[in-house]
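Heads up: the structure comes next, in structure tokens.
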Amino acid sequence: MKCFRSRLLLSAAVAAAVVTFGETRGTAVEKLQLQVTPAVSMAPASVVVRVIVERDAANRELEIVADSDSFYRRTVVDLDGEQAPKVNELRLNDVPGGEYEVTATLYDANGVRTNARRTLMVMTLADRP
């Protein structure tokens with residue numbers, strides 16, 4: 001019975017933490033989320049970059065960049081404030097080996113920038129031990 005109570009309390013604490021986090025407003029995490037799938041792959045890789053932008057009347061532009069020593073891709077998407085899609089997806093095909101910095105930058109009407117960054121690793125046969 002003691003184990004059951006401990007699990008119940010732990011479950012309640014986790015649920016409360018999730019609800020509290022979900023209600024937080026104005027953080028960069030909520031305004032802009034960046035997902036890169038897969039985070040590690042073999043060259044030539046196919047990668048999906050998904051950017052989730054919280055709808056806001058001030059949103060004007062989204063810039064997505066994938067950058068390494070041998071590859072660069074930049075995409076700019078105009079946003080129409082609250083009417084803009086919440087999810088923006090970029091597919092990268094035939095990505096060569098290397099370590100990439102993937103960034104998403106959200107620009108609003110007041111010139112405020114919100115950034116999110118992820119690292120992408122694309123391995124080659126030469127990288128194998």
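Values quoted throughout were computed directly from the atomic coordinates according to the rules given, and no laboratory measurement underlies them. Computed from a prediction, not measured in an experiment: that's the story for all the values here. Note that each Cβ is placed from the backbone with ideal geometry, even for glycine, and that neighbours are counted across all protein chains shown.
Backbone amide hydrogens, once placed in the peptide plane, bring E61 within less than 5 Å of L79, Y107, excluding anything fewer than 5 places away on its chain. Here the contact order of the stretch 41-129, divided by its residue count and restricted to Cα pairs under 8 Å and six or more residues apart, works out to 37 percent.
For the modelled label position 7 Å from the Cα of V40 along Cα-to-Cβ, which residues of the stretch 98-129 have backbone nitrogen atoms closer than 18 Å? Answer for the stretch 98-129: 98-102, 118-129. For the stretch 94-108, 3J(HN,Hα) computed residue by residue from phi via the Karplus equation (6.51, -1.76, 1.60; θ = phi - 60°) reads 6, 6, x, x, x, 9, 10, 9, 10, 10, 10, 10, 9, 10, 10 Hz, glycine and proline entered as x. Taking every DSSP beta bridge that has both ends in the stretch 26-127, the antiparallel portion is near 95%. In this Cβ point-charge picture (+1 for Lys and Arg, -1 for Asp and Glu), the stretch 72-117 has a dipole of about 100 debye about its Cα centre. Packing-based ranking of 111-122, 77-88, 95-106 yields 95-106, 111-122, 77-88, ordered from highest to lowest mean Cβ neighbour count within 10 Å. In this simple spin-label model, placing a label point 7 Å from the Cα along the Cα-to-Cβ direction at both N110 and Q33 gives a separation of 2.4 nm.
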